Every structure is written in structure tokens, then in C-alpha cells.
1. Let me know the Rg and Dmax you get for the stretch 179-316 when you use only its Cα atoms, in Å.
2. Could you tell me the center-to-center distance, by alpha carbons, between the stretch 48-122 and the stretch 129-154 in angstrom?
3. Go through the stretch 113-130 residue by residue and turn each phi into a ³J(HN,Hα) via Karplus (6.51, -1.76, 1.60, θ = phi - 60°); whole Hz please, and just put x for glycine and proline.
4. Please list, ordered by chain and number, the residues whose modelled amide H lies under 5 Å from the amide H of SER64; skip anything fewer than 5 residues away on the same chain.
5. Would you mind checking the pairs LYS107/LYS282; LYS133/LYS282; LYS282/LYS308 and listing those with alpha carbons more than 25 angstrom apart?
6. Can you give the net charge of the other residues whose Cβ lies under 10 Å from the Cβ of PRO257, counting K and R as +1 and D and E as -1?
7. Counting only C-alpha contacts under 8 Å and six or more residues apart, can you give the relative contact order of the chain as a whole percent?
8. Which FRET efficiency value, to the nearest 0.05, is calculated for GLU228 and GLN95 with the Förster distance at 22 angstrom and r the Cβ-Cβ distance?
Amino acid sequence: MSIERSKVAIIGAGSVGSTFAFSLMKSGFVREIALIDRNRERAEGECMDLNHGASFVNPVKIFSAGYEGCENADIVVITAGAKQKPGQTRIDLVQANIEIFKDIIPKITKYAKDAILLIVSNPMDILTYATLKISGFPPNRVMGSGTVLDTSRFRYLISEHCHVDPRNVHAYIIGEHGDTELPVWSHANIGGMVLSKYCPICNNQCDYRAELGKIFDEVKNSAYKIIEKKGATYYAIALALVKIVEAILRDENSVLPVSTLVKDYCGINDICISIPSMVNRKGVGRFLRLELSQEEEKLLKHSANTLKDIIQKIRL
């Protein structure tokens, strides 16, 4: 795998898939992008529009295809699935999208036997687990986009409140990408100073515990608010996906909270859930065992058990 010969196949040419294709094209990290959608004309139209900007970016081949377009792909990014509607939770989507994945995963793996599979469709953690079981791929080569976007939202909102560059905020959202996710306040810091020490000496003079609670509530409800206002979220998730793809193709060992199969993590087993993990050319290299507070560990176990309860009710 090298940047010079890298290829990414995107399954789904809807808002997320096409915006990701545009962001990936702009990044210059890949030389070939295959866009695959059951609506072949939609995929062809997106590719035409993208290719007309070819003179403004690094050389990249963009084309629409059937599932044969996955052949020789380094990474297959799956954005296809039923859309989340206003008022609908990610979990409401579960069985409908499981059936879709039962159809598309074998078609992908027929051509992309050595690829890394990156799942974006919701409910993402459950569909990542389903993809692992359906594909038979080793756990390191199947990951979900996880709470990478949630974490970015978290860092942005902390930075806005504290008036600092979001790149100097280091904090994670872990657990389910959804209603039971949790903030790791015990490790959140600005420039190396944990928030419990930074906030009391900040110029804001606020009730920082109350403000931090408001920030997390806004993170957790952001997707619902965006969907209510504009119908879908796609810009920020596209950028999050570019970061994950970059970490893989450049063998970065970047620490990202992707959804991955965990084993004996705070007593949690056999579930795909988001925890800070090293992402590199092999996929998920290893995950970091954070020293969580007692309350954080309790919430993480609750998040994992919530996902397990749902998996036990679906037909894989």
C-alpha cells in the first residue's frame, strides 16, 4: 500500500459518500476513487462533476462502477444504507441496514479480499460488528468511523467556550456512536493541563462543571439538531473519514477513537465500540487502555451492554 498507487472504493453516492469523495479528492492522498451506488446514474453524475475539477487537484482517477470497482482497493468505505429521519434514533435503523449489509458485504469481499473495511452507516457500531461477522475478515481490518466526529465536535465546543485553538484541546468521546456515548473528562486537557485544573484559573469565571455538562449535551444532540435543520450531516463526517483514511494510507499510528472489536477492556468483550486506537496501514493496530474514573467505567459498560442487548435481538 502506497500513496502513489492507493485506491479507495466508496459504497454509497449519497450526501455522505459524495461529500467524502470530494474531500478525499482535495486531500491528494489517493490516486484512484471508485464510487459505487445502486443508482448508477447518480454515481456517474457525481463522478462527472468531480472530474471536471481535476485540473485544480493532484492527479486522481475518479469513476463509477459496480462492485467490481472494489478490486485492488486498499480501503472500502461503506456509507450506504437507509437514512436517519428526523425524530428517529440511529438504533431505529438497525434491522433494515443489517439486511442491506447482508447483501452488499459479500459483493464487496468478492473483489476486495485484502482491503480494510471502514463502516460509516448507522447504527455504526452494530453494523461494524455485523460486517466483521459477515465478512470473516480479521478484526484489525474492520473498523467503524466511531466517535471520531463526536470527539471533533467535543473539542470544538470546548475550544469555543475556553477561547483556545481546537487543535490544543485533547479530549475524547468514547463508547457507542449514539445516545450512550460518554466524555472522558478525567483525561480532557488544554495544552497538557487537565480541565479540572485549567478551568478554575481561566478568565471565563464560569461554573465550569455546569458548562462542561452543557457542552457534552450539545455534542450528543448535535446530529439530531443538524438533521432537523438541514436533513443530514455530511461535511464534518467527510473530513473525519479523510483523517482515518490518511492514518491508514500513511501508516501514521494515529490515535483515533474508531469503533473496533474489543477484548477484555474494562471487562467488555465481543462488541465493536469506540475507544482510542492506533490506526495504521494494517487497520487497527492496538487500542489504548485508558485509566477511567469509576463513573466513566460504569458508563462505558452501560454503553457496551446497550449495544449487546440490541445485537441479541437482531438477525445476523
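1. Answer for the stretch 179-316, Rg first and Dmax second: 17.2, 54 Å.
2. Rounded to whole Å, the Cα centres lie 13 Å apart.
3. Computed from phi, the couplings for the stretch 113-130 are 5, 10, 7, 9, 9, 10, 9, 10, 4, 9, x, 4, 5, 5, 5, 5, 4, 4 Hz.
4. Placed amide hydrogens put LEU35 under 5 Å from SER64.
5. Working: LYS107/LYS282 22 Å; LYS133/LYS282 19 Å; LYS282/LYS308 27 Å.
As for pairs spanning more than 25 Å Cα to Cα, those are LYS282/LYS308.
6. So the surrounding residues net to -2.
7. Numbers: 592 pairs, mean separation 58.2, N = 316.
Once normalised by length, the contact order is 18 percent.
8. 0.40
Just so you know, all these numbers are worked out from the coordinates, no wet-lab data involved. Given the structure is predicted, the values throughout are model-derived calculations rather than measurements. Every residue, glycine among them, receives a Cβ derived from its backbone with ideal geometry; neighbour counts consider all protein chains shown.
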